1. Do we have B:Glu43 as surrounded by 14 or more Cβ atoms within 10 Å (Cβ to Cβ) and either among the polar types (S, T, N, Q) or in a strand (DSSP E or B) (or both) here?
2. Answer yes or no as to whether B:Ile65 is among the β-branched types (Val, Ile, Thr), in contact (Cβ under 8 Å) with a residue 12 or more places away in the chain and closer than 21 Å to A:Gly32 by Cβ.
3. Of the residues B:Leu35, B:Leu89, B:Leu82, B:Leu4, which single one is of a type in the set (A, V, I, L, M, F, W, C), more than 14 Å from chain A (Cβ to nearest Cβ) and within 22 Å of A:Ile37 (Cβ to Cβ)?
4. For chain A, which fully contained strands (runs of 3 or more DSSP E) count at least 2 residues that are more than 13 Å from chain B (Cβ to nearest Cβ) and either farther than 18 Å from B:Gly67 by Cβ or touching a helix residue (DSSP H, G or I) at 6+ places or on another chain (Cβ under 7 Å) (or both)?
5. If you take the residues in region A:34-73 that are under 18 Å from A:Arg3 (Cα atoms) and of a type in the set (Val, Ile, Thr), which one is surrounded by the most Cβ atoms within 10 Å (Cβ to Cβ)?
6. So which residues in region B:116-131 are over 11 Å from B:Arg69 (Cα atoms) and among the polar types (S, T, N, Q)?
7. State whether the residues of region B:11-28 include one that is under 15 Å from the mean Cα position of the chain (by Cα), crowded, with 19+ Cβ neighbours inside 10 Å and either at pLDDT 95 or above or part of a helix (DSSP H, G or I) (or both).
8. Could you tell me whether any residue of region B:41-50 is without any contact (Cβ under 8 Å) to a residue 60 or more places away in the chain and away from chain A (no Cβ under 11 Å)?
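The values are calculated or read from the model by the stated rules, or taken from the named source; none is laboratory data. The shown structure was predicted, so the numbers you read here are calculated from the model rather than taken from an experiment. Heads up, the Cβs are rebuilt from the backbone with ideal geometry, glycines too, and the neighbour counts pull from every protein chain shown.
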Amino acid sequence: MERDEFNDGFCYCGIPAEKYVTEDAKVPPPPGMVFLIFVNKEFAIFEFRWEKMCKTNSNYPENYDTRFKHKTWSP
Amino acid sequence: MVSLNEFLENNQAKVEPFRPCPLYVPEGDSLTFYLKDEDSYGERIDELLTIYKSTKTDEIVGCQIKGVRRKLKELQKFTVTLKDANLGLGLLFLTYMATTESPTARHQYEWLGKQAAKVRASVPTGELLAG
């Protein structure tokens, strides 16, 4: 991540098959959104949320090219 | 050995009604503040501020600010000392507002500060200064 003191952290990004709206209820993922999970260098999760996807690359969030250094892993 | 299901069964958290209350997350040196209990998505304003908007109405329902400890250290340069047990969120937003160059971020901090004042939101100072 391009962030002071968190340069060694990671962001996992993707579109889950389902979105939980309560503990028991799930719905399809919101259109035009990606789900992000942020971890620090110890891999402790400190934030997770949906964001609008990039208009030119639907695998990533908006402005991903200035927010993150590089892609580390991909299936 | 206890299975995951058994562990979860035995450690169920009591669900309390929603109230607007900031949460400091030391692992990310970030503070999250929800004004409403609504389904939301994040919109990053700049490297320090993300606002949460309602999925249904696009109304702002919360925010996340990053680099809280660092920002408090900046305050110390101006010999501002935190003595109270709790830090009002309004002062924190004011600090961020004073140091941003983004007009959009300034506007958001001002609005968030007013909302925080309405509900008298504060965060324990000890949580912010520990570590």
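1. Values: surrounded by 14 or more Cβ atoms within 10 Å (Cβ to Cβ): yes; either among the polar types (S, T, N, Q) or in a strand (DSSP E or B) (or both): yes.
Against the criterion (surrounded by 14 or more Cβ atoms within 10 Å (Cβ to Cβ) and either among the polar types (S, T, N, Q) or in a strand (DSSP E or B) (or both)), B:Glu43 qualifies.
2. No: the conditions fail for B:Ile65.
3. Numbers: B:Leu35 fails: within 22 Å of A:Ile37 (Cβ to Cβ); B:Leu89 fails: within 22 Å of A:Ile37 (Cβ to Cβ); B:Leu82 fails: within 22 Å of A:Ile37 (Cβ to Cβ).
Every option except B:Leu4 fails the conditions.
4. Numbers: elements: A:10-14, A:33-39, A:45-52.
In chain A, A:10-14 are the strands (runs of 3 or more DSSP E) which contain 2 or more residues that are more than 13 Å from chain B (Cβ to nearest Cβ) and either farther than 18 Å from B:Gly67 by Cβ or touching a helix residue (DSSP H, G or I) at 6+ places or on another chain (Cβ under 7 Å) (or both).
5. It comes out as A:Val39.
6. B:Ser122
7. Taking every residue of region B:11-28 in turn, at least one turns out to be under 15 Å from the mean Cα position of the chain (by Cα), crowded, with 19+ Cβ neighbours inside 10 Å and either at pLDDT 95 or above or part of a helix (DSSP H, G or I) (or both).
8. There is no residue in region B:41-50 that is without any contact (Cβ under 8 Å) to a residue 60 or more places away in the chain and away from chain A (no Cβ under 11 Å).
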